[in-house]
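Asks: Quick one: the structure is below, and I'll ask about it shortly.
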Amino acid sequence: MLLPTQLSQYERDGFLVLEDFVSARACEQLRKRSLELVQAFDPTGVFSIFSTREQSRLTDDYFLESSDKIRFFFEEDAFLPNGQLRQSKEKSINKIGHALHDLDAVFDSFSRTQNIRELIADLGIELPLLLQSMYIFKQPNIGGEVDCHQDGTFIYTEPLSTVGLWFALEDATIENGCLWAIRGGHESGLKSRWMRATEGGMRFQIFDATPWAEDKLEPLEVREGTLIVLHALLPHKSLANRSARSRHAYTLHVVSDKSQYPKDNWLQRTSPPLRGFD
């Protein structure tokens, strides 16, 4: 599926942009299904907020126990000082995670196409497992910033085998919070790991405290239907969305069953077992 020149580009840059990878109809089906899931979600008593700025402090059991569930996480700016939502829940959810690909028929069908199977094979991922999935809304006006990070920090294997698949379900621009990446930044090695602490909760293990060279970040503006393939060590981020347009995206993270998956990773899946492309 991938040309030799595309594989070389991925190895050189740490990412690969594949336009028109999925159809407009497939994007629409995922957007429609995500809305149905949010409308059926009862937020009473659920105030789990997703934040990359205070990840360890704000992480709760609702998040840590979501590896085999479909759960809903709010934007940081979704609430008034009295704890009430500023606007409807449909305009307040940051993301849905983390087992959509296994527990929902629409997401399962989207995640296990022959095209994705062949792509993963071309990337050399042996015995691939679909580890986690996220539907990201990047809500109009309040869509939060995602700090510069590497996927390998949060999904670590030995050796590193993680591949991120980022599907643009709507046009992603600078104005509504597209991805930004440091081309070739994957060559600098893993800077940190986000681990379960022995005393409970989460902590970062720092390997390299050097700040990111954020002056080298470049925007990846893409159209609906584009797939961006992300190397585990690629530094990337997205800015806040202060525009009136949302920026829906769907992400999958794939790992190799031949790699060791540490027990101190945040995401621990026991039941149902992880699946590949069967």
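Asks: Identify which of the listed values of mean projected area of the Cα convex hull in nm² was calculated from the structure shown: (1) 13.3; (2) 14.2; (3) 25.4.
Replies: (2)
Asks: Same structure again: Can you give the longest run of the chain that contains no trypsin sites (Lys or Arg not before Pro) sitting in a DSSP loop with at most 11 other Cβ atoms inside 10 Å?
Replies: Working: sites that count: Arg53, Lys263.
Excluding the exposed sites themselves, the longest stretch runs over 54-262.
Asks: Still on this structure, please answer the following. In sequence order, what are the phi-derived ³J(HN,Hα) couplings for segment 133-143 according to the Karplus relation 6.51 cos²θ - 1.76 cosθ + 1.60 with θ = phi - 60°, rounded to whole Hz, with x for glycine and proline?
Replies: My calculation for segment 133-143 gives 9, 9, 9, 10, 8, 6, 4, x, 6, 10, x Hz in order.
Asks: Right, next: Cross-link partners among lysines for Lys216, C-alpha distance below 18 Å, same-chain residues fewer than 8 apart left out?
Replies: Lys191, Lys237
Asks: May I pose another question? Excluding residues fewer than 8 places away in the same chain, name every one of the aspartates and glutamates whose C-alpha is closer than 18 Å to that of Lys89.
Replies: Candidates past the 8-residue exclusion: Glu36, Asp42, Glu75, Glu76, Asp77.
Asks: If the reach is capped at under 15 angstrom between alpha carbons, list the aspartates and glutamates near Lys258, excluding any in the same chain fewer than eight residues apart.
Replies: Within reach: Glu126, Glu158.
Asks: What's the exposure ranking of Ser256, Ser161, Ser243, going from fewest to most Cβ atoms within 10 Å? Can you show the working numbers first?
Replies: Numbers: Ser256 21, Ser161 25, Ser243 16.
Fewest-to-most Cβ neighbours within 10 Å comes out as Ser243, Ser256, Ser161.
Asks: Do you know the relative contact order of segment 4-256, to the nearest whole percent, from alpha carbon pairs under 8 angstrom that are 6+ apart?
Replies: Details: 538 pairs, mean separation 73.0, N = 253.
After rounding, I find 29 percent.
Asks: Around Leu190, under 12 Å between beta carbons, what's the net of Lys plus Arg minus Asp minus Glu among the other residues? List each step's numbers first, then the result.
Replies: On the way: positive: Lys191, Arg193; negative: Asp151, Glu158, Glu187, Asp208.
Net of charged neighbours comes to -2.
Rule-based calculations on the coordinates, nothing more; no lab input. Just so we're clear, the structure is a prediction, and the values are computed from it rather than from any experiment. So basically every Cβ, Gly included, is an ideal-geometry build from the backbone, and we count neighbours across all protein chains shown.
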